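What follows is a short report on a single structure.
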Amino acid sequence: MLAMDQGMVEEWLSEYKTFPETAISSYAASLKEKTSLVPALYKVIRENYSDLLEPVCHQLFEFYRSGEARLQRFTLQFLPELVWRYLSVSASRNPHHSGCIEALLLGMYNLEIVDKDGQSKVLSFTIPSLSKPSVYHEPSTIGSMALTEGALANHGLSRVVYSGPHLQRETFTAQNRFEVLTFLLLCYNAALSYMNSSSLQSLCHLSSRVCICGYPRQQVRRYKGINSRMLVTSEFLVQLITGIHFALCNGEPDLGSKALDDVLYRAQLELYPEVLLVGNAIKSSLRGAALKSNKEGTRSIQVEITPTSSRISRNAVTSLSIRGHRWKRHESQENSVDSPDSTPVGPVPIISVTGVSGERVANGEALRARTEAETLGGTTELGLDPRGQEVRRQKSLRRHVEDGTPSAGRLQF
């Protein structure tokens, strides 16, 4: 570790103790300006033998117990690196170098499972119903689900899952280790939108290393760290995938893709159905979408916007709308024939009526027009619609009848 980084960390350790409680908020806001402080703290955590590790862990715990949201998020950004350091030291069976990290993780866990009054928390999660749109799906794309959306909504299909109360832990054991770490990752994922790129990269490295250490893929990834296998739980891997999904869409597509593949690789070996379901669903949703690195800003997940009511009514096709569309087309054709501005395409035949009544002549003329239309394949030689020609001939016959023209018994052209 460089002397400059060490001096910066020592200054950071001493200045917080001099601030009164009224100045904590302004101090938390000024931490963003110290861009070189975060890399220096990462070096302290990753270093195997560092005298600054214990005071740094104590300072991070003081940040977390202060109750200031920005100070708590400052501590949470180092959680993936702290978890990896603890797991790697535990796998090497040298717990002497992880005592302060264990104390920090247990302290964060015990603070999170209780509220301000010291009562145990019970967390609730609402599982969305497929009958209602979300950022991941549209009911209209799931077959006939859209037809029964109203019926499904009335049956109260939304489920609420509860988590807790959780027991306080004083030490890490083989039974409660991943229970504590999974809950801490849940708290980390709740603040993912505030995490910087270095924290997301650390999360991806944690996911890959935990899943491939001791397996043949470790040689493929060319990771030369510890070679012993780490026991993991299905819940722990699901929380890792949640963070990986966010990293994939927010500037870390390469590391995120590798981490997701490594988690799925481990889930296949361990036969974890929950991890395979969530991981393959995320992988399928990203298939075909070109995710490029965007260091300057965040990327959003591309989803279909819920259509408005006007769009639905305009696109809806029913038997009534089809019938109305046919009537409108028929009326428009009649208006085009009756309009004085319309010009005929070809010569209009001269018709004389003799011999029969006007109604009978009109019926015969309509039958003749239909026969000619069928013979010519639906169109006349003049290029006119047979329906419009029939209407024009009927009007001409009606005009001759009203004028009192004597009938001759047949039509003459």
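The values are calculated or read from the model by the stated rules, or taken from the named source; none is laboratory data. Not measured: the values here are computed from a predicted model. Every residue, glycine as well, gets a Cβ built from its backbone with ideal geometry; the counts of neighbours run over all protein chains shown. SASA here: full protein model, heavy atoms, side chains in, ligands and nucleic acids out. Shrake-Rupley method; radii C 1.70, N 1.55, O 1.52, S 1.80 Å.
A few remarks follow.
- Of the candidates SER25, SER88, the single residue that is of a type outside the set (A, V, I, L, M), at pLDDT below 90 and over 22 Å from LEU200 (Cα atoms) is SER25.
- Within the stretch 40-57, restricting attention to residues that are touching a residue at least 40 places away in the same chain (Cβ under 8 Å) and more than 11 Å from SER98 (Cα to Cα), the residue that is nearest to the chain's Cα centre (by Cα) is TYR42.
- Restricting the stretch 44-75 to residues that are charged (D, E, K, R) and assigned to a helix (DSSP H, G or I), the residue that is nearest to TYR86 (Cα to Cα) is ARG46.
- Only listed residue being under 21 Å from the mean Cα position of the chain (by Cα) and of a type outside the set (Ser, Thr, Tyr), chosen from LEU185, LEU167, LEU231, LEU206: LEU185
- Within the stretch 6-25, being assigned to a helix (DSSP H, G or I), open to solvent by 70 Å² or more (accessible area, probe 1.4 Å) and without any contact (Cβ under 8 Å) to a residue 40 or more places away in the chain holds for GLU11, LYS17, THR18, GLU21, THR22.
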